[in-house]
């Protein structure tokens, strides 16, 4: 039976019956309930685990994605990576505070149980990565004792991951 959440700008809040989702590493428990990122909410909505309401009316996955794109014009390409990593059994969270798109925890672990294993930057075929950008991302990853993954999404929505590390000779 899906739980119910309310779309509030750039997040979805589930006020009750969210314990099972929280145990699986979804969202962040706060005083108003379980706060889900747009990526987490979309994932759960597509899988029938969540119903999302906006001003009291239920919205379907297509409407939700449209609204998410209004918040982040690159939502769909980033969501492609989110879904791929989550389907591989990892807990994935937004990486805003680390200056990347996502942070990924070791398989079977969630925040509070383990340190971030990877930070992920999503890149499309049209994006141009300058050497200074890559250097900055590697420095940030190294500074927080994690690894950088560049997630390249092609025009067919296939994802290829590249691990980028600094080598000391």
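If the condition is being in contact (Cβ under 8 Å) with a residue 40 or more places away in the chain and over 14 Å from residue 95 (Cβ atoms), then the range 141-157 contributes 153, 157. Only residues that are surrounded by 10 or more Cβ atoms within 10 Å (Cβ to Cβ) and without any contact (Cβ under 8 Å) to a residue 40 or more places away in the chain were counted in the range 127-140, giving 9. When each of 123, 160, 119 is tested for being outside any loop (DSSP other than H, G, I, E, B), within 17 Å of the chain's Cα centre (by Cα) and without any contact (Cβ under 8 Å) to a residue 12 or more places away in the chain, the lone residue that passes is 160.
Residues are listed down the side, and each one gets a yes or a no for (1) assigned by TED's automatic domain parsing to the domain that holds residue 106; (2) within 22 Å of residue 84 (Cβ to Cβ); (3) part of a helix (DSSP H, G or I); (4) modelled with pLDDT of 95 or more:
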site: 21; (1), (2), (3), (4): no, yes, yes, yes
site: 34; (1), (2), (3), (4): no, no, no, yes
site: 40; (1), (2), (3), (4): no, yes, yes, yes
site: 48; (1), (2), (3), (4): no, yes, no, yes
site: 51; (1), (2), (3), (4): no, no, no, yes
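Of the residues examined, residue 59 is one that is without any contact (Cβ under 8 Å) to a residue 60 or more places away in the chain, under 20 Å from residue 3 (Cα atoms) and touching a strand residue (DSSP E or B) at 6+ places or on another chain (Cβ under 6 Å).
Taking the range 72-90 as the range and being under 23 Å from residue 115 (Cβ atoms) and outside any helix (DSSP H, G or I) as the test, the residues that pass are 88, 89, 90.
To keep it simple, each residue is scored yes or no on (1) farther than 18 Å from residue 162 by Cα; (2) touching a residue at least 24 places away in the same chain (Cβ under 8 Å); (3) not assigned by TED's automatic domain parsing to the domain that holds residue 36.
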position: 67; (1), (2), (3): yes, yes, no
position: 80; (1), (2), (3): no, yes, yes
position: 95; (1), (2), (3): no, yes, yes
position: 108; (1), (2), (3): yes, no, yes
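Among the residues of the range 36-63, the ones that are surrounded by fewer than 21 Cβ atoms within 10 Å (Cβ to Cβ) and over 13 Å from the mean Cα position of the chain (by Cα) come to 16 in all.
Quick check on residue 9: is it modelled with pLDDT under 95, surrounded by fewer than 16 Cβ atoms within 10 Å (Cβ to Cβ) and not assigned by TED's automatic domain parsing to the domain that holds residue 153? Yes, satisfied.
Residues in the range 91-116 that are part of a strand (DSSP E or B) and in contact with a helix residue (DSSP H, G or I) (Cβ under 8 Å, 6 or more places away or on another chain) were compared, and the one that is farthest from residue 137 (Cα to Cα) is 92. Answer yes or no: is there a residue in the range 143-152 that is over 18 Å from the mean Cα position of the chain (by Cα), surrounded by fewer than 13 Cβ atoms within 10 Å (Cβ to Cβ) and part of a helix (DSSP H, G or I). Within the range 143-152, one or more residues are over 18 Å from the mean Cα position of the chain (by Cα), surrounded by fewer than 13 Cβ atoms within 10 Å (Cβ to Cβ) and part of a helix (DSSP H, G or I).
The values are calculated or read from the model by the stated rules, or taken from the named source; none is laboratory data. The model shown is predicted, which means the values in this text are computed figures rather than measured ones. All Cβ positions, glycine included, derive from the backbone under ideal geometry; neighbour counts span all protein chains shown.
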